[in-house]
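This report concerns only the one structure given below.
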Amino acid sequence: MTDDFGLAVGARAPNVAEELVAPGGGVETVALDDLLADGPVLLCFYTADFSPDCIEQWCAFRDFDWFASGDAVQVVGASKSSSRLHRRFIDRLDLTFPIFSDPDLAIADAFDVVYRVLGLAKRSRRSCFLLDADRTVRYRWLSQHWLDPTRDVPPVGEIHEAIRDRVDTEEPDSFGFGS
């Protein structure tokens, strides 16, 4: 599998907007620029709420305290699941991350991560993009699974290290154990 898909590091992402489901249950249309006003965003595409691989992915981000704190970078999900399903997914897994509802895969298409399963059903390829305030891609991780690019789960530790190399973090990591 080649990596001739996905926005490249250094590319500028479009200012896409879709419904965003907040951990508290609120839903509103939000543009990427609005999220970036609070600092860098790690935008993570996944297939659908409640699939085993997606549960594993979001629990890994939730359990990795550095991401859950949201201090250095805001983690935001995107999948074609509905806003209603996202609310249930966030509540069931006790997530602290907002999730875009991308039913037509417009956001996934803007990031060039749409593919067809067995040439039929469209999905977003599991992938993560670190965006700075100017919407410039500073880091990306793209699934390279040989059979189904939704099957890989992002390597949270590797992504954490890559972000630390690219984002100015002022305080040392404590991972919930104090300073």
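Does region 94-122 hold any residues that are of a type outside the set (A, V, I, L, M) and open to solvent by 40 Å² or more (accessible area, probe 1.4 Å), and which are they?
The answer is Asp94, Thr96, Pro103, Asp104, Asp109, Asp112, Arg116, Gly119, Lys122.
Hey, among the residues in region 51-88 that are farther than 17 Å from Glu28 by Cα and in a loop (DSSP other than H, G, I, E, B), which one's least open to solvent (accessible area, probe 1.4 Å)?
Val73
Taking Val30 as the residue in question, decide whether it is modelled with pLDDT under 95, hydrophobic (A, V, I, L, M, F, W, C) and open to solvent by less than 30 Å² (accessible area, probe 1.4 Å).
No.
Please identify the pairs in which a residue from region 34-60 that is in contact (Cβ under 8 Å) with a residue 40 or more places away in the chain and within 16 Å of Leu130 (Cα to Cα) has its Cβ atom under 7 Å from the Cβ atom of a residue that is assigned to a helix (DSSP H, G or I) and among the polar types (S, T, N, Q), counting only partners at least 6 apart or on another chain.
Filtered contacts from region 34-60: Tyr46/Gln57.
Given the conditions (1) within 26 Å of Ala162 (Cα to Cα); (2) touching a residue at least 12 places away in the same chain (Cβ under 8 Å); (3) open to solvent by 30 Å² or more (accessible area, probe 1.4 Å); (4) part of a helix (DSSP H, G or I), and given that Asp91 satisfies all but one, which numbered condition is not satisfied?
(1)
The values are calculated or read from the model by the stated rules, or taken from the named source; none is laboratory data. Keep in mind that what you see is a predicted model, and the values were worked out from it rather than measured. Cβ: placed from backbone, ideal geometry, glycine included. Neighbour counts: every protein chain shown. Keep in mind that these areas ignore ligands, DNA and RNA; they rest on the heavy atoms of the full protein, side chains included. Shrake-Rupley method; radii C 1.70, N 1.55, O 1.52, S 1.80 Å.
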